[in-house]
Amino acid sequence: MAGQGRKSRKVERAGGRAARRALRAAGVRGQAVQAGMAGGAYKPLSNRDIQRIHDTALDILENIGIGEPIPEILHYALPGGCTQAEDGRLRFPRSLVEDLVEVSAKEYIAYAPDPRNDLEVSGDKVYFSTSGESVSVLDYRQQSYRPTVLADLFDAARLADTLEHIHMFGQPFIAAEYSQQVFVHDINIAYTELAGTCKPFALGIAEVDHIEPIISLFDLYLGKEGGFLQRPFCTFGGCPIVSPLRFGKDNAEVLVKVAELGLTGDVAVAPQAGATSPAALAGTLAQTFAETLACLAVMNLVKPGSVINFGMWPFISDLRTGAFSGGSGEEALVMAACAQLCNHYGFITSMASGMTDSKTMDAQAGYEKAITTTALALSGANLVAAYPGIVGSLLGQSFEGMVIDNDMLGNVQRLLRGIEVTDETLSYEVIESTVFGTGHYLNQPQTLELMQKEYLYPEVADRRTPGEWEVTGKEDIYELAHVKVSQTLSTYYPDYISSKADRRIREHFPIRLSLQDMRPGNGRWD
């Protein structure tokens, strides 16, 4: 009898595996996680802390102000109620800032080239994006860094297009070969992201005069003049503040222009604690909050009700050397505090995580990326620039790292989802029938039903047994990710820009991404 029992259990286990294989073969996708899971559970600040940071930030804006305001800002700010004394600094009265906070938009739709990928940015919804504008790529085989080229951006865009837990595509690196040809660079970044992904995307703009030509390029893609402004699927970003407390001319001009056009302002205010903001984390929060509030104020002075991704991005210094340290516990803590602070006022929050000081995708990269991303997501930032694939303190990008980090982002979302406790999920009847039946849950209908809905399965994380791992090559996750990158980038070539639209675009603009680069057989991944 004992032998029969063991045999019976073996058959049932095999049946469970067979059923799971059948589900996977049929392409059944579960709902274990989805874009826009709710965050906000982690709160490192007390309500009193938030009020004191808020009050200090308003004191900074009213009494110290922001230096080097450009004429375009003064055109709106001075009639709007700001003041400028002999020192030239632009000061924002407390009551004015509070009024502008009230009128600033609290939600919007992040449009995508494909409407099926539109995202509702509001409340406590959390989305993950690439980001970085790094200058080099970590070559997997050589384990060394090389300058980025335009084709790398296309590869990154189409790779991100296939990664489920990357919801938006922010420019991960520059095209270094065109860094001295600024207009050519910006036009080609815009074209290449459009060609590579159907998700909402963002790009950095070096000069304000490049915005309208890029919009014209997008209109040519749509085949309709004015089409982009009706449904803007790209955000234009930059760093309008040079910390401490000065406007940066070029990006400040971009900030004003996007407000005038009614577009989303995508800002990143990124002082470095101990270098360009106070070493005290509370002081860094107060200064960064003031600097980012100044950006919100400017946009809403230009056009009340403007949408701004409130990009409060304080970074951390290793005070032994002064070097930037993106993977530290302090970085996780201060970014989480930023999200909590901004959520308190209902802002559309944009923060950064997933940075690492490691030079490759190793254990250090894993824990630094995971702790910063988990803390920020749990605190409820809307738009998390999770830097998937970033290495080397933001200087390099790894394609394999994008795939590994996609697994990590899925697990973070599973934390956000939490546990649903209902009469059905408490499973009393299932427990009862199992205890008095087979004695295990493998053949329970609930188990098969919840296999995809309750559980998330990694793409590359290794769940083989040690024995299977030994006989199948002993690959680590980095090697497995490289295989996936090679398979994806040698086969997945999206065709998002029609040949007719492409001809129109290339007739009007100096597009440097060749058609051969956008097709199989280009030699990069074959």
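What follows is calculated from the coordinates using simple rules that are stated; it is not laboratory data. The structure displayed is predicted, hence computed values, not measured ones. Every residue, glycine among them, receives a Cβ derived from its backbone with ideal geometry; neighbour counts consider all protein chains shown.
Applying D = kT/(6 pi eta Rh) to region 262-351, where Rh is the Kirkwood radius over alpha-carbon pairs, T corresponds to 37 °C and eta to 0.692 mPa s, the Stokes-Einstein value obtained is 245 µm²/s. Entry note, region 102-417: relative contact order of 20 percent, from Cα contacts under 8 Å with a spacing of 6+ residues. Residues Phe310, Phe228, ranked from the fewest to the most other C-beta atoms within 10 Å, line up as Phe228, Phe310. Compactness of region 299-372 was expressed as the Cα radius of gyration divided by 2.2 N^0.38 Å, which yields 1.34.
What ranking of Arg414, Arg48, Arg503, Arg158 emerges when the number of other C-beta atoms within 10 Å of each C-beta is taken as an exposure proxy, fewest first?
Final ranking by Cβ density, sparse to dense: Arg48, Arg503, Arg414, Arg158.
From its DSSP helices (H runs of at least four residues, each -39,500 (n - 2.57)), the chain gives a residue-normalised ellipticity at 222 nm of -14500 deg cm²/dmol.
As an exercise, find the ratio Rg/Rh for region 342-387 from alpha-carbon atoms, using the Kirkwood inverse-distance average for Rh.
1.08
Label zone of Ala279 (point 7 Å out along Cα→Cβ, amide N under 13 Å): in region 322-339 this covers 322-323. Electrostatic bookkeeping for Gly354 treats Lys and Arg as +1 and Asp and Glu as -1; over the other residues with beta carbon under 9 Å from its beta carbon, the sum is -1. Counting only alpha carbon atoms, the long axis of helix 477-491 and the longest principal axis of the chain meet at about 80°. Principal-axis analysis of the Cα atoms of the chain puts helix 329-344 at an angle of about 70° to the longest axis. Placing unit charges on each Cβ (+1 for Lys and Arg, -1 for Asp and Glu) gives the chain a dipole about its Cα centre, and among Gly248, Pro278, Leu376 the Cα reaching farthest toward its positive end belongs to Leu376.
The charge dipole of region 395-526, taken about its Cα centre with unit charges on the Cβ atoms of Lys, Arg (+1), Asp and Glu (-1) only, comes to about 980 debye.
Largest first, the extents of the alpha carbon coordinates of region 86-184 on the three principal axes equal 57, 45, 26 Å. Ranking Ile189, Tyr178, Pro494 by how far each Cα lies toward the positive end of the dipole of the chain (charges on Cβ) leaves Pro494 at the top.
In this structure the amide hydrogen of Phe315, modeled in the peptide plane, comes within under 5 Å of the amide hydrogens of Gln272, Ala273, none closer than 5 places in sequence on its chain.
Averaging 1/r across all pairs of distinct Cα atoms in region 102-417 and inverting the result yields a Kirkwood radius of 19.2 Å. Neighbour counts of C-beta atoms inside 10 Å place Leu395, Leu376, Leu293, Leu74 in the sequence Leu74, Leu395, Leu293, Leu376, starting with the fewest. Selection among Ala41, Pro388, Leu442 by position relative to the dipole of the chain gives Leu442 as farthest towards the positive end (Cβ unit charges, Cα centre).
Any of Lys303/Lys369; Lys125/Lys453; Lys249/Lys369; Lys125/Lys224; Lys106/Lys199 with alpha carbons more than 29 Å apart? Name them for me. Violating the 29 Å Cα-Cα cut-off are Lys303/Lys369; Lys249/Lys369; Lys125/Lys224.
For region 181-242, with only Lys/Arg (+1) and Asp/Glu (-1) charged at the beta-carbon, what is the dipole magnitude about the Cα centre, in debye rounded to 20? Don't jump to the answer; show the numbers that get you there.
Values: 3 positive and 7 negative charges, 61 e Å.
In debye, rounded to 20, region 181-242 gives about 300.
Which angle from 0 to 90°, rounded to the nearest 10, does the C-alpha axis of helix 363-379 make with the longest principal axis of the chain? Here the helix axis deviates by roughly 70 degrees. For the chain, a crude dipole built from +1 on the beta carbon of Lys and Arg and -1 on the beta carbon of Asp and Glu, taken about the Cα centre, is about 1600 debye to the nearest 20.
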